[in-house]
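Scroll down for the structure; my scribbles are underneath it.
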Amino acid sequence: MQNGSRRQGRELAIKILFSLFEDQSSLDHVLETFWNNFRFNNDILGDPMDEVELPVKEDIRLFTEELVRGVATHREQLDQVIDEFSTNWSLERMSRVDLAILRMGAFELLFQPQTPTSVVINEAVEVGKRYGTQETPSFVNGLLDKVSRIYRPKSS
């Protein structure tokens with residue numbers, strides 16, 4: 001899978017994770033609803049002006065679901081880790097976008113050792129730049145860096 005495809009998968013995962021925990025439906029139902037109803041446009045490919053429906057490549061969809069299912073499965077542990085490393089910020093005070101990005105980044109740091117630490121953090125920061133506030137990138141970078149120092153002390 002190419003790096004651009006993985007970024008697309010991460011961006012789609014954030015869109016699902018953003019709403020996932022507000023929805024009381026099963027994870028399978030949320031995913032099915034997302035894939036059946038979400039309309040993709042060329043913004044995923046870099047041109048937000050062209051509004052066309054596009055199918056999502058299978059490798060991107062699989063990676064997206066891997067991230068979403070991983071976060072859902074390990075949410076309690078991820079939230080404990082995020083809470084442990086967040087200074088002066090409870091999970092309840094964090095924006096939903098920031099929390100979704102942090103959960104995804106923490107999941108990759110803790111449970112996907114094949115992805116280099118620098119890639120996990122950089123991708124989370126880039127997604128934060130696109131979907132978060134002006135403060136999101138530095139907040140995400142600082143927190144995930146702290147997590148990586150404990151959970152991946154010898155990783156790249």
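Every number here is computed from the coordinates shown, using simple stated rules; none is lab data. Keep in mind that this is a model prediction, so the values were computed, not measured. A quick note on method: Cβ atoms are made from the backbone with ideal geometry, for glycine too, and the neighbour counts reach across all protein chains shown.
Points worth noting:
- Net charge over other residues, Cβ less than 14 angstrom from the Cβ of Q77 (K, R count +1; D, E count -1): -3
- Using C-alpha pairs under 8 Å with a sequence gap of at least 6, the mean separation divided by the residue count of region 3-151 gives a relative contact order of 22 percent.
- Candidate cross-link partners of K154 among the lysines, defined by an alpha-carbon separation under 26 Å and a same-chain spacing of 8 or more, comprise K146.
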